[in-house]
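Peer 1: Here's a structure for you.
What follows is calculated from the coordinates using simple rules that are stated; it is not laboratory data. Computed from a predicted model, the values in this text were never measured in an experiment. Quick reminder, even Gly has a Cβ in these numbers, built from the backbone with ideal geometry, and neighbours come from all protein chains shown.
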Amino acid sequence: MPWPPIQKETPTISSLIPPDLYHPPPLTHYWVYLLSLVFVSLLIKHWDTPAFSFTHLFLHHHARIVGRLWLTVHAFGLRFASHPFNLNRFMQEKQSQAVSGPNSRRDFIKQTATVAATVATVNMFKTPVYGQNKAPSTGRVIGANDRITVGFIGVGGQGMAHVRSQKNDAAANNVELVATCDVWKNRVASSKAYIGGKCEGYDDYRKLLERKDIDAVTIATVDHWHTKCSLDAIQTGKHVYVEKPMTRYLGEAFQIHDAVKNSKTVFQVGSQGCSDAKWHKAAEMIKAGKIGQMVMAQGSYPRNNPKGEWNYNIDPQAKAENLDWKNWLGPVSKKIPFNADHYFRWRKYYPYCGGLLGDLFPHRLHPYMLASGNPEYPTRVVSIATKRVHSDKNTPGTPERDVPEHVELLAEFPSGLTLVMISSTVCESGLIEQINGHKGTLYMSGNRVELKPERQFAEEVEPETISGIKPGEDVAVHEKNWFDCIRDGKAPNANIDLATKVQTVISLGEMSERLGVACKFDPKTRKITTGDGKVMPVTELKPITYGWTDLS
Ligand SMILES: NC(=O)c1ccc[n+]([C@@H]2O[C@H](COP(=O)([O-])OP(=O)(O)OC[C@H]3O[C@@H](n4cnc5c(N)ncnc54)[C@H](O)[C@@H]3O)[C@@H](O)[C@H]2O)c1
């Protein structure tokens, strides 16, 4: 057969594998090697028993021959086993035990890609600070009347909003603010002074986490630190409130998900919209069947800033001398020298965030998915985005952003619900907030929810308007929900199950936009694929992560 084969139709990746790679040597070689290992181990174990005396004598007198023979077998075995193809094939066979049916060449390519992606993800976390391979410590059991001690990691704009709010409500929530941490010394000093009392300041969050008297941490660092800080906090038995987006990348979301599930940590993501009661009211109405089968939902978070959103003021006091820039960069691959524009305006640059998708989308995605009554992983996500206004040109001296100025996202869920979501920094008129069912539509605005029947179901569905719903969207209410759950063990409003599903939509949206593809997701395998198998081969995508491009 000629190689490459003559193509009659669109080539698939699987058809491009050379046939000799497709027919590997049989795995029996591998098993022979393993058996020889077992045999020699037995020999060593029973070295001095009578049954092995003959072997003993033989080995003693022919040590050189045996040694050579052993080395040869060993070398053959190692070379065979460590050949990438055989390693992959071994892992492929392991995986296929759980999946029925013979493996096709396409399966092989997909699984090889999975192994590579898994290795990449694992490598990201291969030097855990607090022994993330060990069982997490368990924190103190907190009773209804116990005071909760809190530390703050990252005390910039939002971190200080938490400090202020938790200080205001300290008595009502029965909490004590005892520690603060930031990589910029000035912020450590100012937050410590603001909190007062016995509050200690740290420039390394690991020192804060070492304190056994701290029960809970509020994490409001730049996005690329959310995962590491959360994992380390969980490992040391702390309860965690981490700002949105939960993580920078998708693989990290599953790391946190699994860590939370294996711990007693009460974990809340800082999408305070989840504690706005109107979304819970909408969920209740949807679960009661008031709009029938859900069909579609639409929402938006639009802004318009002629000077370029997120071109915040640059404080000249922030300098390489008083700010641990290396630590700020953390897991980011591209290690640039200290850059004040990046430090203060990081939302414009891909290595540190996903732009609108990470910044504003979570504020709508969390509540909408909560309101669906049964949050689901998406089956498919598509996103398109533009950057045509070039709004940064109106702020002298700042580079143009990496991230788009306007983003639109479409997500499809297994129940049949489709979601349209828009966010912008250059166009403030958004969409009406609504969830449409087969029988009626829910409209959400301010503190009210309105149900309007579809014309065809006017006899069956009663129109309803519920107004004055409280509480509204408020960070303090969301924090209180976290403290309450730490005491009563309930799941917080923006809990890990919801947050991981939201992060999947966000990360698939980023991949879709940056790669120009539609992303499909399988929650059982956590794999992302693209296309429908006809136009393009169903190829597993290597998830975007640190070091994926120059911009990560
Ligand atoms: N829920 C909301 O409404 C809301 C609003 C604004 C921001 N946020 C989120 O809060 C987070 C922070 O945003 P911001 O506007 O306050 O940013 P910011 O840049 O003002 O503050 C981040 C702070 O974290 C510090 N930091 C970075 N790495 C650190 C580390 N390893 N250890 C300790 N400190 C570290 C920085 O020095 C900085 O002071 C972001 O994830 C953002 O998306 C949420």
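Peer 1: Give me the net charge for the shell around LYS244: Cβ to Cβ below 10 angstrom, other residues only, Lys and Arg +1, Asp and Glu -1. Please list the in-between numbers first.
Peer 2: Details: positive: none; negative: ASP223, GLU243, ASP359.
Combined, the nearby Lys, Arg, Asp and Glu give -3.
Peer 1: Another question about this same structure. Neighbouring Cβ atoms within 10 Å as the yardstick, rank ASP392, ASP258 fewest first.
Peer 2: Details: ASP392 21, ASP258 13.
If I rank by nearby Cβ atoms, fewest first, I get ASP258, ASP392.
Peer 1: Now for a different question. Tally the DSSP beta bridges in the stretch 148-272 and give the antiparallel ones as a percent, rounded to 5.
Peer 2: On the way: 0 of 20 bridges.
Counting DSSP beta bridges with both partners in the stretch 148-272, the antiparallel share is about 0 percent.
Peer 1: Once phi is turned into ³J(HN,Hα) by the Karplus curve 6.51 cos²θ - 1.76 cosθ + 1.60 with θ = phi - 60°, what whole-Hz value does each residue of the stretch 399-408 show in order, with x for glycine and proline?
Peer 2: x, 5, 5, 6, 7, x, 8, 8, 9, 10
Peer 1: Between TYR202 and residues 5 or more places away or on another chain, which pairs have amide H atoms under 5 Å apart, with H built 1.01 Å from N, and which residues are they?
Peer 2: Hits under the 5 Å cutoff: THR180, CYS181, ASP182.
Peer 1: Still on this model: Compute the Cα gyration tensor for the stretch 398-440, then decide on rounded, prolate or oblate, letting a ≥ b ≥ c be the square roots of its eigenvalues: rounded whenever a/c is under 1.5, prolate when a/b is larger than b/c in the other cases, and oblate in all that remain. Write out the running numbers ahead of the final one.
Peer 2: Values: a/c = 7.73, a/b = 2.15, b/c = 3.59.
It is oblate, given that a/c is not under 1.5 and a/b is not larger than b/c.
Peer 1: Next up: Below 15 angstrom from the Cβ of HIS366, what's the summed charge of the other residues (Lys, Arg +1; Asp, Glu -1)? Could the numbers behind the result be given before it?
Peer 2: Numbers: positive: LYS244, LYS278, ARG364, LYS501; negative: GLU243, ASP276, ASP359, GLU376, GLU433, GLU473, ASP474, ASP497.
It works out to a net charge of -4.
Peer 1: Amide H to amide H, which residues 5 or more places from GLU433 or on other chains are under 5 Å from it, using H placed in the peptide plane?
Peer 2: Those lying under 5 Å, H to H, from GLU433 are MET444.
Peer 1: Looking at the stretch 371-480, which trypsin sites (Lys or Arg not before Pro) are in a loop (DSSP not H, G, I, E or B) and have at most 16 other Cβ atoms within 10 Å? It would help to have the intermediate numbers written out before the result.
Peer 2: Values: sites: ARG380, LYS387, ARG388, LYS393, ARG401, LYS439, ARG448, ARG455, LYS480; in loops: LYS387, ARG388, ARG401, LYS439.
Sites meeting the loop and neighbour criteria: ARG388.
Peer 1: As a footprinting exposure proxy, order HIS366, HIS342 by other Cβ within 10 Å, with the fewest listed first. Don't jump to the answer; show the numbers that get you there.
Peer 2: Working: HIS366 28, HIS342 19.
Ascending number of Cβ neighbours within 10 Å: HIS342, HIS366.
Peer 1: Using a cut-off of 17 Å between alpha-carbon atoms, which lysines can reach LYS501, once sequence neighbours fewer than 8 places away in the same chain are excluded?
Peer 2: Straight-line reach from LYS501, under 17 Å: LYS244, LYS261, LYS520, LYS524, LYS527.
Peer 1: Could you work out how far apart the two model spin labels at ASN145 and LEU431 are, taking each label as a point 7 Å from the Cα in the direction of the beta carbon, and quote it in nm?
Peer 2: Label at ASN145, label at LEU431, 5.1 nm between them.
Peer 1: Excluding TYR194 itself, calculate the net charge of residues whose Cβ lies under 9 Å from the Cβ of TYR194, where each Lys or Arg counts +1 and each Asp or Glu counts -1.
Peer 2: So the surrounding residues net to +3.
Peer 1: In terms of modelled amide H atoms, which long-range or inter-chain residues lie less than 5 Å from the amide H of GLU176?
Peer 2: Here the answer is ILE148, THR149, VAL150, since their amide H atoms fall under 5 Å of that of GLU176.
Peer 1: Using 0.36 nm per residue, how much length does the chain from ALA193 to GLU400 gain when fully extended, once their Cα-Cα distance is taken away? Walk me through the intermediate numbers first.
Peer 2: On the way: separation 207, 0.36 × 207 = 74.52 nm, distance 3.65 nm.
Roughly 70.9 nm would be gained on extension.
Peer 1: Would you mind ranking TRP310, TRP346 so that the residue whose beta carbon has the fewest other beta carbons within 10 Å leads the list?
Peer 2: TRP346, TRP310
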